[in-house]
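Below is one structure, written out as structure tokens; the observations come after it.
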Amino acid sequence: MSVTPHKFKSVGRFTVKHIRTCLTNMSYEECLAALRIMSPESLAYLSQHKDERGSTFIQNKIRYLVGNVTEAFEMIKLLENLHFDQYEQMMDGRGILKILIGRAWFINPEDRTAFLEALDYVISRTDCKNHLDYENQMQSFLHTSVIEGDVEVTQLLLRHGLDPNATDSGGFTPDDYAMYSDPRSATEQTPVRNFYTSYLAIKNSLSLESQAAQPRNRVRI
């Protein structure tokens with residue numbers, strides 16, 4: 001399918017649903033080409049539009065992301081103006097972040113670097129980093145990453161200030177899940193996860209970085 005410029009250049013209130021359907025059925029490359037020729041006003045209409053389930057176009061487009069991360073990343077940047085800045089749009093920014101966190105373990109290895117760059121970009125532009133997901137036992141994004149044992153994503157989330165002491169509905173923190181696969185049933189005899197060593201190393205490294213960044217008082221002689 002080739003992109004027809006006049007079809008996508010101007011998207012209005014009455015055509016956004018039709019255009020969105022067309023874009024959804026396109027490949028990532030074709031979709032990105034169409035977005036690039038849209039005016040800022042058209043991108044705004046597309047960015048705000050939600051389907052009957054309350055999902056935006058970009059949420060649905062990345063929901064099953066495996067490859068084409070570079071194209072998906074650029075699409076997010078093109079549509080970011082209404083996703084990350086205003087309070088009433090935070091639900092969508094949070095939705096994008098939740099989807100990306102959930103896709104981290106399905107991304108093709110060759111797209112991993114681009115994915116981490118996209119995740120870093122989204123986290124840095126939303127104020128809902130420590131959101132607790134009521135659909136997932138009130139767990140934070142850091143809970144999810146730690147439970148999956150993803151060292152790179154966990155390091156990225158901690159670097160962005162996600163709270164390792166946030167508790168879920170069971171009263172357990174990411175620290176607890178880093179140590180035990182199931183802290184609810186853990187005993188003194190329960191073996192510690194292999195992931196725990198990496199987790200402690202990440203926290204220690206970030207702590208040293210923070211200390212090094214602190215201004216030092218000069219001693220006057």
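Things to note:
- Spans of helices (runs of 4 or more DSSP H) in segment 43-134 with at least 3 residues in contact with a strand residue (DSSP E or B) (Cβ under 7 Å, 6 or more places away or on another chain) and modelled with pLDDT under 90: none
- Tabulated pairs, segment 41-59, first more than 15 Å from residue 99 (Cβ to Cβ), second of a type in the set (Ser, Thr, Tyr), C-beta under 6 angstrom, 6+ apart or interchain: 42/10
- Members of segment 142-174 found to be assigned to a helix (DSSP H, G or I) and of a type in the set (A, V, I, L, M, F, W, C), listed by number: 142, 146, 147, 151, 153, 156, 157, 158
- In segment 171-202, residue surrounded by the most Cβ atoms within 10 Å (Cβ to Cβ) [restricted to those that are in contact with a Phe, Trp or Tyr (Cβ under 8 Å, 6 or more places away or on another chain) and either among the hydrophobic types (A, V, I, L, M, F, W, C) or over 20 Å from residue 130 (Cβ atoms) (or both)]: 178
The values are calculated or read from the model by the stated rules, or taken from the named source; none is laboratory data. Here the structure is a predicted model, which means the values were calculated and not measured. Glycine also receives a Cβ, built like all others from the backbone with ideal geometry; neighbour counts cover every protein chain displayed.
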